[in-house]
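Participant: There's a structure below that I have some questions on.
FYI, it's all coordinate maths here, none of it is from the lab. In this text, all values refer to a predicted model and were calculated from it rather than measured experimentally. Here Cβ is always computed from backbone atoms with ideal geometry, including for glycine, and neighbour counts include all displayed protein chains.
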């Protein structure tokens, strides 16, 4: 479950089976509408299974053609509009998708599938306030749904409402124990609020087998901020060993710099700080602005500041020390 535009769970997509939406007696017109709907959904499912982008688009267009016919009859209107919204969403037309879902909500304001789909569409167009309002309605109807709670909390996190995100996630204690996406969002919300409890929650993520390098880096940062310097160094060093030379965000060179920064500020007499900083440059670290900021830190000794200036000169000279 991963803030940027939030990456919410897409599990709300449920094929709108005719039996769910159709009611009443079948007139000849309704039967034709059902046939149109079935054809549209057949093409929709073929499009979902298609790997060739051109053929996928063609099948989606054919699905839209039949579903647009089906939506002309009351009996198949809701199901057709919902699935037309799905097609618009799948093909990146998020505003159009939202129009379909909200049209359903005008006549059926408690339609859970349409509410979830509309909320997710609003996330895609970065209307987080609108998405928050919709998820609030979803949870009022299905308060037991941990997935919907997670999505709501994710929107709150994107809006920097970290206390609200924590409040929502706290309502799902089982999910926090068993779902690493929910636990990560909880830990990140705690970290944003500078809560020391973030340390334990990140530790639990690592213990649960989370090997994402970004998560391990966040954990080390939280440890460092809490002045658990030895443990933070251990985590940074573990991360360096696990990273490949090609990996970015974070890169091996950046983590080397982070280790050097910690050593230089928290253990200023340790010669490993400057040694590690030189290794970071050897591996491609070139952020002179970060090095200049390091010079302003009161914990840096005069001799280490001189060495840092030499490293800055080395970077500015293309990797060679100034003669």
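Participant: If packing is taken as the average number of other Cβ atoms within 10 Å across a peptide's residues, how do 279-286, 255-262, 138-145 rank, most packed first?
Facilitator: Details: 279-286: 17.8, 255-262: 23.8, 138-145: 14.0.
Top to bottom by mean Cβ count within 10 Å: 255-262, 279-286, 138-145.
Participant: More than 24 angstrom separation, counting every C-alpha pair in segment 193-312; what % is that?
Facilitator: 27
Participant: Using only alpha carbon pairs under 8 Å that are at least six residues apart, calculate the relative contact order of segment 241-323 and give it in whole percent.
Facilitator: Value for segment 241-323: 25 percent.
Participant: Looking at segment 260-299 from every direction and averaging, what is the projected area of its Cα convex hull in nm²?
Facilitator: Seen from a random direction, the Cα hull of segment 260-299 projects 2.6 nm² on average.
Participant: Right, something else. Subtract the Cα-Cα distance of residue 170 and residue 107 from 0.36 nm times their separation in residues, and report this length gain in nm to one decimal.
Facilitator: Full extension from residue 170 to residue 107 adds 19.3 nm.
Participant: Arrange 106, 161 by Cβ neighbour counts within 10 Å, fewest through most, would you?
Facilitator: Least to most surrounded, the residues fall as 106, 161.
Participant: Let me ask another. Report the full-extension gain for the segment residue 129 to residue 72: residue separation times 0.36 nm, less the Cα-Cα distance, to one decimal in nm. Mind showing how you got there, number by number?
Facilitator: On the way: separation 57, 0.36 × 57 = 20.52 nm, distance 3.25 nm.
Result for the pair: 17.3 nm of gain on full extension.
Participant: If you don't mind, another one. For the chain, which semi-axes, largest first and in whole Å, follow from the square roots of 5 times the eigenvalues of its Cα gyration tensor? It would help to have the intermediate numbers written out before the result.
Facilitator: Values: eigenvalues 566, 102, 45 Å².
One finds semi-axes of 53, 23, 15 Å for the chain.
Participant: Sticking with this structure for a sec: log10 I(q)/I(0), Debye, Cα-only segment 122-222, no solvent, q = 0.10, 0.12, 0.23 Å⁻¹?
Facilitator: Debye intensities relative to I(0), on a log10 scale: -0.27, -0.38, -1.18.
Participant: While we're on this one: Give me the one-decimal nm value for the distance between modelled label points at residue 95 and residue 227, 7 Å along each residue's Cα-to-Cβ direction.
Facilitator: Reported label-point gap for residue 95 and residue 227 is 5.3 nm.
Participant: Okay, moving on. Where the centre of each part is set by its Cα atoms, how far does segment 97-135 sit from segment 170-237, in angstrom?
Facilitator: Using only Cα atoms, the two centres lie 32 Å from each other.
Participant: What distance in nm lies between label points placed 7 Å from Cα along the C-beta direction at residue 275 and residue 50?
Facilitator: In this crude label model, residue 275 to residue 50 measures out at 6.1 nm.
Participant: For segment 241-323, take every pair of Cα atoms, bin their distances at 5 Å starting from 0, and report each bin as a whole percent.
Facilitator: Distribution as computed: 3, 16, 28, 25, 17, 9, 2, 0 percent.
Participant: If you scale each eigenvalue of the Cα gyration tensor by 5 and take the root, what three semi-axes come out for segment 43-117, rounded to whole angstrom and sorted largest first?
Facilitator: Whole-Å semi-axes of the equivalent ellipsoid: 22, 14, 9.
Participant: Still on this structure, I have one more. For residue 196 paired with residue 266, estimate the spin-label separation in nm (one decimal), with each label point 7 Å from Cα along the Cα-to-Cβ line.
Facilitator: 1.5
Participant: Still on this structure, please answer the following. Based on the Cβ-Cβ distance of residue 303 and residue 136, what FRET efficiency does E = 1/(1 + (r/R0)^6) give at R0 = 56 Å, to the nearest 0.05?
Facilitator: Plugging the Cβ-Cβ distance into 1/(1 + (r/R0)^6) gives 0.45.
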